[in-house]
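Remarks on the structure that follows.
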Amino acid sequence: MAVLEQIQQDVNVALKAGDRERTGALRLIVSELQKAVKEARDQEPDEVAVLQRERKRRLESAEAYREAGRDDLADAEEREAKVIDEYLPEQMPDDELRGIVQDVVAQSGATSPKEMGKVMSAVMPQVKGRADGKRVSAMVKETLTP
(Lines give C-alpha, C1' and ligand atoms only; values in the text may rest on other atoms or scores of the structure.)
Protein backbone atom coordinates (compact mmCIF):
# COMPACT_ATOMS: atom_id res chain seq x y z
CA MET A 1 0.00 0.00 0.00
CA ALA A 2 1.28 3.43 -0.92
CA VAL A 3 2.11 5.84 1.87
CA LEU A 4 -0.58 8.27 0.70
CA GLU A 5 -3.29 5.59 0.89
CA GLN A 6 -2.11 4.52 4.35
CA ILE A 7 -2.18 8.07 5.66
CA GLN A 8 -5.66 8.65 4.20
CA GLN A 9 -6.90 5.58 6.08
CA ASP A 10 -5.18 6.82 9.25
CA VAL A 11 -6.97 10.18 8.87
CA ASN A 12 -10.29 8.35 9.04
CA VAL A 13 -9.16 6.35 12.08
CA ALA A 14 -8.00 9.54 13.84
CA LEU A 15 -11.28 11.27 12.99
CA LYS A 16 -13.31 8.42 14.44
CA ALA A 17 -11.11 8.40 17.55
CA GLY A 18 -11.66 12.13 18.00
CA ASP A 19 -7.92 12.93 17.84
CA ARG A 20 -8.10 16.42 16.33
CA GLU A 21 -4.39 17.19 16.51
CA ARG A 22 -3.38 13.96 14.75
CA THR A 23 -6.14 14.42 12.18
CA GLY A 24 -4.89 17.92 11.37
CA ALA A 25 -1.29 16.78 11.03
CA LEU A 26 -2.25 13.86 8.80
CA ARG A 27 -4.42 16.06 6.60
CA LEU A 28 -1.49 18.41 6.01
CA ILE A 29 0.68 15.45 5.03
CA VAL A 30 -2.03 14.13 2.68
CA SER A 31 -2.26 17.56 1.06
CA GLU A 32 1.50 17.72 0.44
CA LEU A 33 1.60 14.16 -0.93
CA GLN A 34 -1.33 14.88 -3.27
CA LYS A 35 0.45 18.01 -4.48
CA ALA A 36 3.55 15.89 -5.20
CA VAL A 37 1.43 13.40 -7.18
CA LYS A 38 0.04 16.24 -9.33
CA GLU A 39 3.50 17.71 -9.90
CA ALA A 40 5.01 14.32 -10.80
CA ARG A 41 2.32 13.71 -13.47
CA ASP A 42 3.52 10.58 -15.32
CA GLN A 43 6.16 9.60 -12.78
CA GLU A 44 5.82 8.09 -9.34
CA PRO A 45 6.27 10.84 -6.71
CA ASP A 46 9.03 10.43 -4.14
CA GLU A 47 6.84 10.10 -1.06
CA VAL A 48 9.80 9.67 1.29
CA ALA A 49 11.34 12.93 0.09
CA VAL A 50 8.02 14.74 0.67
CA LEU A 51 7.75 13.30 4.19
CA GLN A 52 11.35 14.23 4.98
CA ARG A 53 10.81 17.77 3.72
CA GLU A 54 7.68 18.18 5.82
CA ARG A 55 9.40 16.74 8.89
CA LYS A 56 12.30 19.14 8.42
CA ARG A 57 9.88 22.08 8.10
CA ARG A 58 8.18 21.11 11.36
CA LEU A 59 11.47 20.83 13.23
CA GLU A 60 12.73 24.16 11.86
CA SER A 61 9.44 25.81 12.84
CA ALA A 62 9.68 24.32 16.32
CA GLU A 63 13.18 25.74 16.69
CA ALA A 64 12.03 29.19 15.55
CA TYR A 65 9.07 29.11 17.96
CA ARG A 66 11.36 28.13 20.85
CA GLU A 67 13.69 31.04 20.06
CA ALA A 68 10.66 33.34 20.08
CA GLY A 69 9.56 31.99 23.46
CA ARG A 70 6.49 30.16 22.12
CA ASP A 71 7.03 26.73 23.64
CA ASP A 72 3.38 25.77 23.16
CA LEU A 73 3.63 26.18 19.37
CA ALA A 74 7.06 24.52 19.33
CA ASP A 75 5.64 21.48 21.14
CA ALA A 76 2.80 21.24 18.62
CA GLU A 77 5.24 21.32 15.70
CA GLU A 78 7.38 18.63 17.33
CA ARG A 79 4.32 16.42 17.83
CA GLU A 80 3.50 16.81 14.13
CA ALA A 81 7.08 15.82 13.27
CA LYS A 82 6.63 12.66 15.38
CA VAL A 83 3.48 11.82 13.43
CA ILE A 84 5.44 12.17 10.19
CA ASP A 85 8.23 9.97 11.61
CA GLU A 86 5.74 7.09 11.77
CA TYR A 87 5.62 6.98 7.96
CA LEU A 88 9.33 7.38 7.25
CA PRO A 89 11.62 4.37 6.84
CA GLU A 90 13.58 3.38 9.93
CA GLN A 91 16.73 5.45 10.37
CA MET A 92 20.04 3.78 9.61
CA PRO A 93 22.20 2.99 12.66
CA ASP A 94 25.35 5.14 13.10
CA ASP A 95 27.75 2.23 12.63
CA GLU A 96 26.18 1.26 9.29
CA LEU A 97 26.22 4.89 8.13
CA ARG A 98 29.83 5.26 9.24
CA GLY A 99 30.74 2.17 7.20
CA ILE A 100 29.13 3.58 4.05
CA VAL A 101 30.84 6.95 4.54
CA GLN A 102 34.24 5.31 5.08
CA ASP A 103 33.79 3.14 1.98
CA VAL A 104 32.92 6.15 -0.16
CA VAL A 105 35.84 8.15 1.25
CA ALA A 106 38.20 5.26 0.45
CA GLN A 107 36.80 4.82 -3.08
CA SER A 108 36.85 8.52 -3.90
CA GLY A 109 40.25 9.17 -2.39
CA ALA A 110 38.92 12.21 -0.53
CA THR A 111 41.31 13.42 2.16
CA SER A 112 40.12 16.84 3.29
CA PRO A 113 36.87 18.60 4.20
CA LYS A 114 37.18 20.53 0.91
CA GLU A 115 36.13 17.32 -0.87
CA MET A 116 33.04 16.92 1.28
CA GLY A 117 30.67 17.64 -1.62
CA LYS A 118 32.10 14.82 -3.69
CA VAL A 119 31.65 12.37 -0.81
CA MET A 120 28.15 13.64 0.07
CA SER A 121 26.95 13.26 -3.52
CA ALA A 122 28.06 9.62 -3.48
CA VAL A 123 26.72 8.79 0.00
CA MET A 124 23.25 10.35 -0.17
CA PRO A 125 21.83 8.05 -2.89
CA GLN A 126 22.97 5.03 -0.86
CA VAL A 127 21.22 6.17 2.34
CA LYS A 128 18.18 7.78 0.71
CA GLY A 129 15.38 8.11 3.23
CA ARG A 130 17.24 6.22 5.94
CA ALA A 131 19.57 8.97 7.16
CA ASP A 132 19.06 12.69 7.57
CA GLY A 133 21.32 14.94 5.50
CA LYS A 134 22.59 16.73 8.62
CA ARG A 135 23.59 13.41 10.15
CA VAL A 136 25.37 12.32 6.98
CA SER A 137 27.10 15.68 6.68
CA ALA A 138 28.37 15.52 10.26
CA MET A 139 29.67 11.99 9.76
CA VAL A 140 31.43 12.89 6.48
CA LYS A 141 33.00 15.95 8.14
CA GLU A 142 34.14 13.85 11.09
CA THR A 143 35.66 11.27 8.74
CA LEU A 144 37.47 13.83 6.57
CA THR A 145 38.77 16.00 9.42
CA PRO A 146 42.20 14.81 10.57
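The values are calculated or read from the model by the stated rules, or taken from the named source; none is laboratory data. Everything numeric in this text was worked out from a predicted model, so none of it was measured. FYI the Cβ positions are ideal-geometry reconstructions off the backbone, even for glycines, and counts take in every protein chain you see. What goes into the accessible areas is simple: the full protein's heavy atoms, side chains included, and nothing from ligands, DNA or RNA. Shrake-Rupley method; radii C 1.70, N 1.55, O 1.52, S 1.80 Å.
Of all residues in region 57-89, those being touching a residue at least 40 places away in the same chain (Cβ under 8 Å) and either more than 14 Å from residue 24 (Cβ to Cβ) or in contact with a Phe, Trp or Tyr (Cβ under 6 Å, 6 or more places away or on another chain) (or both) number 3. Cβ-Cβ distances below 8 Å connect no pair with a first residue in region 5-22 that is free of Cβ contacts under 8 Å to residues at least 60 places away in the same chain, a second residue that is exposed (fewer than 12 other Cβ atoms within 10 Å of the Cβ) and assigned to a loop (DSSP other than H, G, I, E, B), and a separation of six or more residues or different chains. Only residues that are not in a helix (DSSP H, G or I) and not aliphatic (A, V, I, L, M) were counted in region 123-146, giving 6.
Residue-by-condition table, conditions (1) touching a strand residue (DSSP E or B) at 6+ places or on another chain (Cβ under 9 Å); (2) open to solvent by 40 Å² or more (accessible area, probe 1.4 Å); (3) within 25 Å of residue 135 (Cα to Cα); (4) assigned to a helix (DSSP H, G or I):
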{"residue": "28", "(1), (2), (3), (4)": "no, yes, no, yes"}
{"residue": "44", "(1), (2), (3), (4)": "no, yes, no, no"}
{"residue": "57", "(1), (2), (3), (4)": "no, yes, yes, yes"}
{"residue": "60", "(1), (2), (3), (4)": "no, yes, yes, yes"}
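Scanning region 94-146 for residues that are of a type in the set (Asp, Glu) and either over 16 Å from the mean Cα position of the chain (by Cα) or loosely packed, with under 13 Cβ neighbours inside 10 Å (or both) turns up 94, 95, 96, 103, 115, 142. Taking the listed residues 120, 92, the one that is modelled with pLDDT of 85 or more and outside any helix (DSSP H, G or I) is 92, with no other qualifying. The test for being over 30 Å from residue 143 (Cα atoms), acidic (Asp, Glu) and surrounded by 14 or more Cβ atoms within 10 Å (Cβ to Cβ) holds for residue 77. Residues in region 1-10 that are surrounded by 13 or more Cβ atoms within 10 Å (Cβ to Cβ) and farther than 13 Å from residue 86 by Cβ were compared, and the one that is farthest from the chain's Cα centre (by Cα) is 8.
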